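Notes to accompany the following structure.
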Amino acid sequence: MIVWLLIFFCLLLGILVGLNIPVLLPIVYAQYMSIAVLAALDSVFGGIRAYLEGSFDNTIFISGFIANTFLAAALAYMGDRLGVELYLAAVIVFGVRIFQNLGIIRRYLLKKY
Amino acid sequence: MMQNKSSQISLAIVCLVLGVMLAIQFKTTESIGEEFLPPRVEDLTQKLIKITEERDALSEEVLALREKLENVRQNDQAMADLQDELQKVSMAAGTIAVEGPGIVITLNDSTRSLKAGENPNALLVHDQDLLMLVNELRASGAEAISVNDERITAMSEIRCAGTMILVNWTKIGPPFVIKAIGDPVMLESGMLIKGGYLETLKFLGIQANIQKVDKLKIPASSRPMNFEFANPVKFTEEAKQ
């Protein structure tokens, strides 16, 4: 139960910090950031799911979070250079995985409570 | 339990980072939405300013035209206006000599020796070179141009004729002296512009020299003005089209 509070609290804290620090991305990079955010979101849901299943691995989680985030942004950037809308691939893959993970988390919670 | 604790900590840190990223992205997206409007307003403002300027210029033209009309009615003034107009048109057509400040460009064939297998044409000044230079001079605001004292007019040709170059049906050869009347500074900087044609010529080894002159004279065109085929269209007919 504590983990939910922790996640919620940290997310809220992060949002508050982010809203209050005077950092604004150049418009050019906003698109890549959005893909990176999606990747990060996917990693977090994947982490929660693994945590609930008891197969959580710290190294995999942290490295996956960092690598996915940068890889997604890099992929979107490369797609822009090549004239291929590669970011769509990232959006689809991460979107599907987020929903899958959410579904598993939901089922797990329903079973538990 | 230890495993549990460290995993909670890493989850917490990652969530913190995610929160910051989300917030920044949110702010950025919001600001983009706002920034999309001002350029449009700016665009419209620019257009408005431009059109207003255009309107002002046009109304000024109306005033000038009215004044001219008034002058035409008064005969004396009309003669003076005609003289003035004739003077200007003659200068443009090159039928009278003109003088004023400007620049003198001297071109001569390259003196460097040919490398093996090189085309000897690369060392010569060609008709295209003169044409390009004359064109660049015009673009830099030259008001009158001559090549080897042949006035360049709207009817002048510059073309290759064997070993010589024809200008106004007159054969000329190197060294080529191009005179141009205009703002000397403007003309010179127009010629010396990086990546300009003169730079290319110099790169090829052609001897080129630019000199600013306070007063130079450009003769009238020697070419007779005959119009065999072209007939002027009556002003009223033209207006109908």
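If you go through the stretch B:103-148 and keep only what is more than 18 Å from B:Ile210 (Cβ to Cβ) and not in a helix (DSSP H, G or I), you end up with B:Thr111, B:Arg112, B:Ser113, B:Leu114, B:Lys115, B:Ala116, B:Gly117, B:Glu118, B:Asn119, B:Leu124, B:His126. In this structure, A:Gly79 does not satisfy being out of contact with any Gly (no Cβ under 9 Å at 6 or more places or on another chain), under 21 Å from B:Thr29 (Cβ atoms) and modelled with pLDDT of 90 or more. Between B:Val213, B:Val185, the distinction of being in a strand (DSSP E or B) and either assigned by TED's automatic domain parsing to the domain that holds B:Asn121 or not aliphatic (A, V, I, L, M) (or both) belongs to B:Val213 only.
Residue pairs whose Cβ atoms lie under 6 Å apart, separated by 6 or more positions or on different chains, with the first residue in the stretch A:44-66 and more than 9 Å from every other protein chain (Cβ to nearest Cβ) and the second of a type in the set (Val, Ile, Thr), are A:Phe45/A:Ile98; A:Arg49/A:Ile104; A:Arg49/A:Ile105. Candidates in the stretch A:2-22 are the residues that are of a type in the set (Val, Ile, Thr) and within 10 Å of B:Ala23 (Cα to Cα); of these, the one that is nearest to the chain's Cα centre (by Cα) is A:Ile15. Of the residues making up the stretch A:18-36, none is among the hydrophobic types (A, V, I, L, M, F, W, C) and in contact with a Gly (Cβ under 8 Å, 6 or more places away or on another chain).
Applying a threshold of 8 Å to beta carbon distances and a minimum spacing of six or more residues, or different chains, the list of pairs starting in the stretch B:89-104 at a residue that is over 9 Å from B:Ile181 (Cα atoms) and ending at one that is open to solvent by less than 60 Å² (accessible area, probe 1.4 Å) and in a helix (DSSP H, G or I) reads B:Ile96/B:Ser90.
The values are calculated or read from the model by the stated rules, or taken from the named source; none is laboratory data. If you're wondering where the values come from, they're calculated on a predicted model, not measured in any experiment. A quick note on method: Cβ atoms are made from the backbone with ideal geometry, for glycine too, and the neighbour counts reach across all protein chains shown. Please note that ligands, DNA and RNA were not included when accessible areas were found on the heavy atoms of the full protein model with its side chains. Shrake-Rupley method; radii C 1.70, N 1.55, O 1.52, S 1.80 Å.
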